[in-house]
1. Ignoring everything but the protein chains, give the 1.4 Å probe accessible area of residue 319 in square angstrom, nearest 10.
2. Between helix 190-203 and the chain, what is the angle of the helix's C-alpha long axis to the longest principal axis, kept within 0 to 90° and rounded to the nearest 10?
3. Share of the chain's accessible area from carbon and sulfur, percent, 1.4 Å?
4. Provide the net charge surrounding residue 259, with neighbours chosen by a C-beta distance below 11 Å and charges set as Lys +1, Arg +1, Asp -1, Glu -1.
5. In Å, what Rg and Dmax follow from the Cα atoms of the range 230-344?
6. Rounded to whole Å and ordered largest first, report the semi-axes of the equivalent ellipsoid of the range 18-65 derived from its Cα gyration tensor (root of 5λ).
7. So, with +1 on the Cβ of K and R and -1 on the Cβ of D and E, and no other charges, what is the size of the charge dipole of the chain about its Cα centre, to the nearest 20 debye?
8. Mean residue ellipticity at 222 nm from the helices of the chain, using -39,500 (n - 2.57) per DSSP H segment of n ≥ 4 over the full residue count, to the nearest 500 deg cm²/dmol?
Amino acid sequence: MLVMRFSALGDVAMTVPVVWSAARQYPDVEFIVLSRGNMAQVFSLMPDNVSFVEADFKGRHKGIIGLCRLLDELRSYRVNRVADLHGVLRSHFLRVAYALRGVRCAVIDKGRREKRYLVKSGYGKCGPLRNSLNRYEDVFSMLGFPVRTDFPGFSFTESQIRDAGVELPSGSVNIGIAPFAKHPGKAYPMEKVAMLVRELLERGDGVRVYLFGAGEEEKKVCERMEREGAGCVISLVGKYTIVQELMLMSRLDAMLTMDSANMHLAALTGVKVLTVWMATHPYAGFLGYGVDEELVIQRPLPCRPCSVFGNRPCRYGDYPCKDIPPSQVAKRIFDAVGGEEKHGVSGEQYADRQRQP
């Protein structure tokens, strides 16, 4: 079975629990995942009957000629089913090409009409839509392979962690923060992130903060925060592979993310994930697999969501949805890891620390 999902890293990461479950439930079926190369490492952790093929749409598979070349390269696989989990022009082209050969195909129903209504009316009048994982399951069912998603999370042995060089210090409260997102409406303001980090360090005993991100600009921001963190803030940007980051996430006490790729990656490791939602809303169906709704942090504003993907400007211009106090986020993190009484200091002690020169 050929499984197609391109697009952003987080969208592809959402397919992992469903593909993993399908591979376990149908061990005699070969699943060929066709996606962008940045997810190859993650799919290397899948069962043996899952293989990965890179779609290089900026190189040899660019344009119509490139798609024809890709089809030719896929001839070595005995494809008798096509699961289109994306539903875009490129996947349409490939799916139709297989359908003309008599191959059974199915495509995702993205629920565009419901999502437009959600944005137009607000989450209060709409209610939660189907999660994308359930929509992926529907595609497999249409092909005659109903799937019950039951993904336990990637597990790594202590020796694997040690060999990868991503061991975390024992006796510390290790908290990961991924403050960035593809669109500005989904990213927690950096001044608030800096305040949050300071509060975690000042209110917590033995707290270490690990910053996740990608790209040169995010690297500069995180390295600046690392320099200000007195050895308790560690920037991971540009230092590790995706699999190494997954290993590290799996050993954290908690992970704070936005509505972003890191939410979906962290959800694959079984770590306790807290998520901050601003311009977008979990009701659109993109909450990470297994992420506890009780650990969602957001403001109950009737104007939310601005859009499904957070790619449209705020209708009021100032994103009131971002007005979430860092102290509130810090408290939610401490609650998630056992409470301030276990890992932190009292309000009076914190006030005394603030008064000290």
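1. Approximately 50 Å² of residue 319 is accessible to the 1.4 Å probe.
2. Result, in degrees: 60.
3. Here it works out to 49 percent.
4. +2
5. Both quantities, over Cα of the range 230-344: 15.2, 42 Å.
6. Values for the range 18-65, descending: 25, 11, 7 Å.
7. Result for the chain is approximately 1640 debye, rounded to the nearest 20.
8. -11000 deg cm²/dmol
The values are calculated or read from the model by the stated rules, or taken from the named source; none is laboratory data. Since we're looking at a predicted model, the values are computed, not measured. Reconstructed Cβ throughout: ideal geometry from the backbone, glycine too, with neighbour counts over all protein chains shown. Side chains included, ligands, DNA and RNA excluded: accessible areas come from the protein's heavy atoms. Shrake-Rupley method; radii C 1.70, N 1.55, O 1.52, S 1.80 Å.
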